[in-house]
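Coordinate-derived values only; no laboratory data. None of the values given here were measured: they were computed from a predicted structure. Neighbour counts are summed over all protein chains in view; Cβ atoms, including those assigned to glycine, are modelled from backbone coordinates with ideal geometry.
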Amino acid sequence: MKKTIFCITGFIMLSALTLRAADITPDKYWTVPAVYAMDEQVTWYFDFGSTSPSVLPDNSPLYMWIWSPNNPTNDIIPLDSEGNRIWKITLIPTDFFGLTQEEIYAHSDHAFNFLLRSANFDDYHTGTLVIKTNTNYISDFAASGEIWTYYSTEDNNTQAIPGKNVYSTSNVSILFNANIIPEFEDAASGLKGVHIHAGYNNFADHNIEYHAWETTGCDPQSACYTEFKHLGNGIYKKDLVPYQYFQALEEDEFTNFEFLLVQDDWSANTPNYIIYAADAVVPPPPSLYFFPVKISLKDILVISRENNNRGQFLSYTITGGSKTVSGNMTGSAPMALQRAFVNLVEEFKGMDISSLRVTIKDQNDFEIYSGDIPLVIED
Amino acid sequence: MKQIKYFNGSFLLFVAIFIFTGCADTDDGSYVSPITVSEKTNGDWHLLNLTQIDETAKKAGLNPSEMSLTDQFEFTTFGITLNVDDDGNPTSYAVSGNAPDIFNEQGYWSLDTDFPQTNGTPPTILLYGDAAKTQKTGKLSITGIPGATPEMELKLTRTSNNVPFVSYQFKLTKNQ
């Protein structure tokens, strides 16, 4: 009988302990910046807006227990309360874990695995939370050969989303490879920096221009504010939240932000690029075509480019043998279509050539196309 | 006397028949030779519009396969005169205006057929560099033969290894 009472009492006590340990789950968690090198400072945010304050009181202590890739202290690590039921921890992964970037990426879990909990675990705790490290966005971008790309974290995504439309409140990381454009040679070698010259809604509002001469401070009018971070090897990154960066309000209309990237002294710049808002209508990408597909020296060559960037005006240069002709591409709606008709009949009359070298650039000398057009011999 | 009356009556009847028969004489018509292609196509023609056709794209179903050149390079000044001799036979031709030379601007011409073909194949203007018409320099298909409306359509097609790759479709109106 005593044994039975002992067992029942033990069961009740165990049940009480178990009932006290409340599972909590963040509504979302994300990183700022969206994309970061493992030796960069990053902040992980956890939003418990939907968790009852009776379980997780406002600003109550919250700790991280992490086991992958390791637990650097063999102990729980405190988070900071941001207020508004958001907690955060700021760290530099390589310093925090005592590992190199390569070791972090090479870890078999390919993720930071951890949980959040109260000091005694039993009051409240999450299940396993995961921030993946299976993609090295920066080295992947460098290997892609792309001039630029962007990533954002939004919509409950803990992972950065490449090339996804963003909201004015999204964390955006823009990556730029200075090695791709020859004129950015000094930026590629790290001799000069890269800045962003940008504006809200096709430069209609809230422009943040690059002021090379504003060298003091780091307010929105300064060169410091617009500067990209050099991650090494000519790869640059800029992290921003659109409405904050452009000094707008969250509720201000945001359909896109348009920008160009500039080498320190304006000695080089890219064409205009656009990042569209999630709910904006995204125009189709530019398309260049030559008409007709096969052409002889007795014909009229038509060069067309549709869906041009706003403010981009194109010109062509055609070289055949020792002769070069050039001209502008025109259009009544230049964003929709710019076109040039080239009279090969007259321009290259009597020449014995088998191909034409065609180069198309914009007004900033940015090369859109360079290639050879073979010439057909008429029967 | 009675006989004379009969004679006179018969004579009058004969004359009447003769006269009225003459009025109702059947007109068999005189011989008129059929209208030749040369008759329809000779003269001064002026450009209404010009379309460049990408035959490769057209065959592959790609767009664009046609491009208007009418407003380019002064093509609106393009004119062509197709001369004939007194018998209506093609002789020389000359291109006028400041448009690019899509084909030789002067020479001689002939037709591959005197009359429109019943199988629908368009008649073709053959272009020559010499009066003897031995040096062929090009050919223009008459894809639209002038009729009640004095308009003509000519098509110049370039081929490579016998495969068409580009054409120029001229729509012309006759200078009255």
> What length, rounded to one decimal in nm, is gained on full extension from A:Asp140 through to A:Leu337, with 0.36 nm per residue of separation minus their alpha-carbon distance?
Replying inline: 67.6 nm
> Given only helices, namely DSSP H runs of n ≥ 4 each adding -39500 (n - 2.57), what is the per-residue ellipticity at 222 nm of chain A, to the nearest 500 deg cm²/dmol?
Replying inline: -3500 deg cm²/dmol
>> Taking each residue in A:294-307, count the Cβ atoms of any other chain within 10 Å of its Cβ, then average. What number comes out?
In response: 4
> For the protein assembly as shown, what is the largest minus smallest coordinate of the Cα atoms on each principal axis, given in angstrom and ordered from greatest to least?
Replying inline: 178, 71, 43
> Say each of B:Asn83 and A:Ile180 gets a label point 7 Å from the Cα, pointing the same way as Cα to Cβ; how far apart are those two points in nm?
Replying inline: 6.2 nm
>> With an 8 Å Cα cut-off and a minimum separation of 6 or more residues, compute the relative contact order for chain A in percent.
In response: 11 percent
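Where in chain A is the longest stretch that carries no GluC sites (Glu not before Pro) classed as loop by DSSP and with at most 16 other Cβ atoms within 10 Å? Let's see the in-between values first.
Numbers: sites that count: A:Glu146, A:Glu209, A:Glu250, A:Glu251, A:Glu253, A:Glu378.
Formally, the longest exposed-site-free interval is A:1-145.
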>> Rounded to the nearest 20 debye, what is the charge dipole size of segment A:219-366 about its Cα centre when +1 sits on each Lys and Arg Cβ and -1 on each Asp and Glu Cβ?
In response: 1000 debye
> Can you give the extra length, in nm with one decimal, that the chain gains between A:Ala119 and A:Lys323 once fully stretched, where that is 0.36 nm per residue apart less the Cα-Cα distance?
Replying inline: 65.5 nm
> Using alpha carbons only, how many degrees (0 to 90, rounded to 10) separate the axis of helix A:2-20 from the longest principal axis of chain A?
Replying inline: 30 degrees
> Hey, got the dipole for the protein assembly as shown? About the Cα centre, +1 on K and R Cβ, -1 on D and E Cβ, debye to the nearest 20?
Replying inline: 1700 debye
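For segment A:191-289, what relative contact order do you get, as a whole percent, if you take Cα pairs closer than 8 Å and at least 6 residues apart?
29 percent
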> Taking the simple approach of a point 7 Å from Cα along Cα-to-Cβ for both A:Lys88 and A:Trp213, what is their distance in nm?
Replying inline: 3.6 nm
> With point charges of +1 on the Cβ of Lys and Arg and -1 on the Cβ of Asp and Glu, referenced to the Cα centre of the protein assembly as shown, which listed residue (A:Leu129, A:Gln244, A:Pro33) lies farthest in the positive direction of the dipole?
Replying inline: A:Leu129
>> If I take every Cα pair under 8 Å that is 6 or more residues apart in segment A:21-132, average their sequence separation and divide by the length, what percent do I get for the relative contact order?
In response: 32 percent
> With r defined as the distance between the Cβ atoms of A:Lys229 and B:Ser68 and R0 fixed at 51 Å, what FRET efficiency is calculated, to the nearest 0.05?
Replying inline: 0.50
> Got a sec to turn the phi values of segment A:288-302 into Karplus ³J(HN,Hα) couplings, 6.51 cos²θ - 1.76 cosθ + 1.60 with θ = phi - 60°, whole Hz, x for Gly and Pro?
Replying inline: 10, 8, 10, 10, x, 4, 10, 9, 10, 6, 9, 10, 9, 8, 10
> What spacing in nm lies between the two simple spin-label points modelled at A:Tyr289 and B:Asn162, each 7 Å away from Cα in the Cβ direction?
Replying inline: 3.0 nm
> Are there chymotrypsin sites (Phe, Trp or Tyr not before Pro) in segment A:244-303 that DSSP puts in a loop and that have at most 11 other Cβ atoms within 10 Å, and which ones?
Replying inline: A:Trp266
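Going through the cross-link list A:Lys361/B:Lys155; A:Lys229/A:Lys361; A:Lys323/B:Lys139; A:Lys349/B:Lys136; A:Lys349/B:Lys155, which pairs have a Cα-Cα distance over 24 Å in this structure? All intermediate terms of the calculation are to be shown ahead of the outcome.
Numbers: A:Lys361/B:Lys155 35 Å; A:Lys229/A:Lys361 28 Å; A:Lys323/B:Lys139 30 Å; A:Lys349/B:Lys136 20 Å; A:Lys349/B:Lys155 22 Å.
The pairs that break the limit, which is 24 Å between Cα atoms, are A:Lys361/B:Lys155; A:Lys229/A:Lys361; A:Lys323/B:Lys139.
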>> Through the Karplus equation 6.51 cos²θ - 1.76 cosθ + 1.60, θ set to phi - 60°, convert the phi angles of segment B:89-97 into ³J(HN,Hα) values in whole Hz; use x for Gly and Pro.
In response: 8, x, 10, 9, 9, 8, 9, 10, x
